[in-house]
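FYI, it's all coordinate maths here, none of it is from the lab. What you see is a predicted model, and the numbers here were worked out from it, not measured in a lab. Cβ coordinates were reconstructed from backbone atoms using ideal geometry, including for glycine residues, and neighbour counts include every protein chain displayed.
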Amino acid sequence: MSNTKVYETGNDKKRRAVLVGAKIGRVSDEDFEVGMYELKGLAKACDIDPVMNSTQNLAAEDSATYIGSGKIEEIKAVIEMYDIDTAIFNNTLSPLQLANLSKALDVEVIDRTGLILNIFAERARTREARLQVDYAQLKYMLPRLVGLRANLSRQGGTGGSLSNKGSGEKQIELDRRKIEKEMALLRRELEEVEKTRKLQRNKRSSAGIPLVALVGYTNAGKSTLMNKLIDEYGGDLGQKVYVEDMLFATLDTTVRKLETTSGRAFLLSDTVGFINDLPTDLVNAFHSTLEEALFADLIVEVIDSSDENYMMHSEVTQKTLLSLGAGNIPRITVMNKAEKLESVDIPLLRGDKIYISAKSGIGIRELVNLIEKKLNESLRLCTLKIPYDKSGIESQIRNSSQVVSVAYEGDGITIEAYLNAENYGRYEEFIE
């Protein structure tokens, strides 16, 4: 069974694409439709105009072309009818399938993995993100050189070819040995970057300031939430992060220091968004970045509560966190964009779940109160007596802990403060 759907389109200058999906085996109709809807969003995020949607049910994929010869002929007809120059598949194609489809359809063929890689290549801003994306692209290209060269040849070597973006025409033309050499160089650079990140992480950890990591599905509003928190508790407006209503608007991990009205300081980290079937190579490439969640004291999962598929989005987030080893870290669930829900009067707090609107700022202070509460659950209220000849410890404790009171007495400085496990061990000799 197959189905063809034509989208309305109004931009003749953009690349025009047919979106192709095959529902194979026991995949539910709902999950399949969500996947195709996301593919449309991914195409738009890559500045492609999806003009047609072609789907079918298959008992099993065709090993040579994924969709079979009959479907190929159907797609070729509509490609000619609608003047389409790109075919995007909502599945990861094997090297053989990519090469055969490129030849049979006579247009550029991109699979879901290749599409996401191109989006990441365009969005990466920091050196670390660019290195990670470059490595993932080369790893993806290596077994697919024949099909990708066919794409490039079909596009006449122009910069408009998606398979040419990010890595560029020169890289696509590299032979296998040169690509392997480039990957080895990138691996060494990434190892150095990871060492630097570990040093930064250890430095933050030694300061004793808790780390709170924002995680969630792409376009759930993590960056908008981070900017609102910076507005209220960050002080420097120049520290804001980029925000755009699109999938994977930002890739670069950002860490900002915030301070609550009670004087409690914590670090807030914004990680790359998740998506269903995020390519394994990208998860591996961004592992050091995603590890920010693994080393967090508290995870704040941001969910677009107005999206009818939010439960599936949350499941994808949970699976990704589990794969990173971050499944047992304390967590708060933020139901964002709740201003769109008629049945909810925001802000609404239900245990460790809070309904807010990051865009309007409703519920931000209540969320910070909840963050403080969760962080305090892992702390111990202690009284410390610091001798005056070691008075420098006072500033260390002030910078790394929530201080309740300080008294300067004849025999030293008495400090009452909440200490995390690391600081408790560090200052145990001064605890009364």
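Just a few scattered comments:
- Pairs spanning more than 18 Å between alpha-carbon atoms, out of K203/K374; K228/K257; K203/K257: K203/K374.
- Computed packing ranks the peptides 308-317, 113-122 as 113-122, 308-317, most packed first, by mean other Cβ atoms within 10 Å.
- As a rough guide to protection, the peptides 99-105, 84-90, 388-394 ranked by mean Cβ packing within 10 Å, highest first, stand as 84-90, 99-105, 388-394.
- Average 1/r across all pairs of distinct alpha carbons in region 10-79, invert it, and you get the Kirkwood radius: 13.2 Å.
- Trypsin sites (Lys or Arg not before Pro) within region 324-382: DSSP coil, no more than 11 neighbouring Cβ in 10 Å: none
- Computed packing ranks the peptides 216-224, 49-57 as 216-224, 49-57, most packed first, by mean other Cβ atoms within 10 Å.
- Radius 9 Å from Cβ of D47, net charge of other residues (Lys, Arg +1; Asp, Glu -1): +1
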